[in-house]
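Take a look at the structure below.
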């Protein structure tokens, strides 16, 4: 019995060594795919993902062991689900990535065309190349590579490429999971943007708030005859901003993880990230009011993005909003959208596997923390599925000359593939 176990371990180690050689051999294909995705325009809105789908399918169609289907809620927001079955029963691991990107901004400030997929020395440029075309390229090629080793796997590997992440995921991940709930899996890996030096095992929740002030219109020359809605809106905005001082009791395991990762995560994501992760933040994202300079506005509107760390709840935040705005005449407010903070236990097996592989690939231990922004990971954690986000560092993310370092792309590719192999490998 002991001899058989030793032989089994040796075979597994030998197979894993072969996998690592294949990952190295696929470097050029990885860079080529990422560049090709960089040439696809999937700005949301309108969120047309058909070009991205076509490029990804070329990597997967015809590969022995992989089945591919498209799942559509609303054209042209197309989703793709690919499945790789192992030899025998086992867990289902999902790799999720979104195909849509934000819009191109300040086109005149771009050095490279936003949809050129330009490779310049050690970088690839393009709109959405960091968020998250690089991650998509990594997980697509990870599945393609693992298909060569399917006889050594058990259970199933699922690749879920989705539309609509940037506008709520109603036609993307939410729709796929509603129509095929089994695809939530037993664990999920996401290649969404972050840093190869930090595994993100949770994310802040959010409340998107709209505040409207009503007044009375009048000519600008006779303001005494009107009531200025913008002036009535300002005290409401000042009140909401005081929420940034509210204390949140973060669960001990998450607080410890965030603090221990602080030095690592702030190197790639900026000084002050730890404070952002552990506090409520308020961003007044839009303000509208008035029709012309010489008219007293009768209506003013603001839209506000409030984020809260683990330990706070949507109910607590909305209750606080109600308390701050109560008694303010001519003010009305409503919640546009909201989601609870969510996180996976730091000691979950999928987390441990990813940390082990990231440390080996990068040659040093990595940190564990949460994301300041939300992602489709929340829809898996809502179903009690352990989930880790591990992606490239955003270089000029969502800004002119957005790009990714090729070494980041390679690291994410290798870590996802090796972690998936370890999670599904036959004993």
How big is the chain by the Kirkwood estimate over distinct Cα pairs, in Å? 23.0 Å
Per the helix-only model, the chain has a calculated mean residue ellipticity at 222 nm (DSSP H runs of ≥4, -39500 (n - 2.57) each, divided over all residues, rounded to the nearest 500) of -11500 deg cm²/dmol
Report, to the nearest 10°, how far helix 50-60 tilts away from the longest principal axis of the Cα atoms in the chain, using its own Cα long axis and a range of 0 to 90°. 20 degrees
Angle, helix 229-241 long axis vs. longest principal axis of the chain, Cα atoms, 0 to 90°, nearest 10? 50 degrees
At q = 0.17, 0.22 Å⁻¹, what log₁₀ I(q)/I(0) does the range 136-235 have when each alpha carbon counts as one equal point scatterer in the Debye sum? -0.97, -1.32
How big is the C-alpha Rg of the range 190-237 next to the rule-of-thumb value 2.2 N^0.38 Å, as a ratio? 2.27
Starting from the Cα coordinates of the range 384-423, work out the convex hull volume and express it per residue in Å³. 62 Å³
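With Rg and the Kirkwood Rh both taken from Cα atoms, where does Rg over Rh land for the range 205-339?
Rounded to two decimals, Rg/Rh equals 1.11.
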Residue 75 versus residue 238: modelled label distance in nm, points set 7 Å from Cα along the beta carbon direction: 5.4 nm
How much of the calculated P(r) for the range 17-163 lies past 21 Å, in percent of all Cα pairs? 45 percent
Scaled by the rule-of-thumb 2.2 N^0.38 Å, the alpha carbon Rg for the range 342-427 gives a ratio of 1.18
Angle, helix 134-146 long axis vs. longest principal axis of the chain, Cα atoms, 0 to 90°, nearest 10? 20 degrees
Convex hull around the C-alpha positions of the range 288-366: the volume in Å³ per residue is 173 Å³
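Each reported figure results from applying straightforward, stated rules to the coordinates on display, with no laboratory input. For clarity, every value in this text was computed on a predicted model and none was experimentally measured. Backbone-built Cβ (ideal geometry, glycine too); neighbour counts: all protein chains shown.
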